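The values are calculated or read from the model by the stated rules, or taken from the named source; none is laboratory data. Everything numeric in this text was worked out from a predicted model, so none of it was measured. So basically every Cβ, Gly included, is an ideal-geometry build from the backbone, and we count neighbours across all protein chains shown.
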Amino acid sequence: MKILDVLEKEAILVNLKSRDKIGILNELVAPAARITGIDHNDMVRVLMERERLGSTGIGGGIGIPHGKLKNLEKLVLGFGLSRQGVDFESMDGRPTYLFFLLITPEHSTDLHLKLLARVSRLLKKEPLKEMMMKATSADEIIAIIGEDDDDF
């Protein structure tokens, strides 16, 4: 599976406005809730429960908030860009700019882990991160990811 197989254009937000973690999660979840028909607040609650275990701000300006929902039929993947950066309680203590939101059905652990690993590998590539930081549209993000979106 490729990232672009599951990343829906309407779930790509290139101008996140929020300045804190809960605001960012609310922004990222809005299109995911519309796409899936799942309650917005349920999605945010699951993500915040995961954040309490440890921040999904992995450092290097990257956050990968993720969680599992039992009433979700298929996974949802979203992307967000915060141009000013947000305190996402990242491991390196620095602001977070690039976000991938991943919410999967409760019993899809293998797929959940594979997609987390794929996104993490993709974001380790500095030139790709730099291009994403400059993107101004969902189409640009799709093109950037598509250049390096190999099957896993």
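Go through (1) part of a helix (DSSP H, G or I); (2) surrounded by fewer than 17 Cβ atoms within 10 Å (Cβ to Cβ); (3) touching a strand residue (DSSP E or B) at 6+ places or on another chain (Cβ under 9 Å) for LYS114 and report which single condition fails.
(3)
Can you pull out every residue in the stretch 61-95 that is surrounded by 17 or more Cβ atoms within 10 Å (Cβ to Cβ), closer than 17 Å to LYS129 by Cβ and either free of Cβ contacts under 8 Å to residues at least 60 places away in the same chain or among the basic types (Lys, Arg) (or both)?
GLY63, ILE64, SER90
Out of everything in the stretch 118-152 that is of a type in the set (Lys, Arg) and closer than 18 Å to VAL14 by Cα, what residue ends up being modelled with the highest pLDDT? Full working, then the answer.
To start, the set of residues in the stretch 118-152 that are of a type in the set (Lys, Arg) comprises 118, 121, 124-125, 129, 134.
So of that shortlist, the ones also closer than 18 Å to VAL14 by Cα come out as 129, 134.
Working: LYS129: 93, LYS134: 96.
Top of the filtered list is LYS134.
Hey, can you tell me all the residues within the stretch 23-60 that are in contact (Cβ under 8 Å) with a residue 24 or more places away in the chain, under 22 Å from LYS124 (Cα atoms), out of contact with any strand residue (DSSP E or B) (no Cβ under 7 Å at 6 or more places or on another chain) and not hydrophobic (A, V, I, L, M, F, W, C)?
GLU51, SER55, GLY59, GLY60
One line per residue, one yes/no per condition, for (1) under 23 Å from ILE22 (Cα atoms); (2) assigned to a strand (DSSP E or B); (3) charged (D, E, K, R); (4) out of contact with any Cys (no Cβ under 8 Å at 6 or more places or on another chain):
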{"site": "ARG45", "(1), (2), (3), (4)": "yes, no, yes, yes"}
{"site": "LYS74", "(1), (2), (3), (4)": "no, no, yes, yes"}
{"site": "LEU122", "(1), (2), (3), (4)": "no, no, no, yes"}
{"site": "ASP139", "(1), (2), (3), (4)": "no, no, yes, yes"}
{"site": "ASP148", "(1), (2), (3), (4)": "no, no, yes, yes"}
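Yes/no per residue for (1) under 20 Å from LYS17 (Cβ atoms); (2) acidic (Asp, Glu); (3) surrounded by fewer than 14 Cβ atoms within 10 Å (Cβ to Cβ):
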{"position": "PHE100", "(1), (2), (3)": "yes, no, no"}
{"position": "ARG118", "(1), (2), (3)": "no, no, no"}
{"position": "LEU128", "(1), (2), (3)": "no, no, no"}
{"position": "ALA143", "(1), (2), (3)": "no, no, yes"}
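Would you mention how many residues in the stretch 1-22 are touching a residue at least 12 places away in the same chain (Cβ under 8 Å) and assigned to a helix (DSSP H, G or I)?
Matching residues across the stretch 1-22 total 5.
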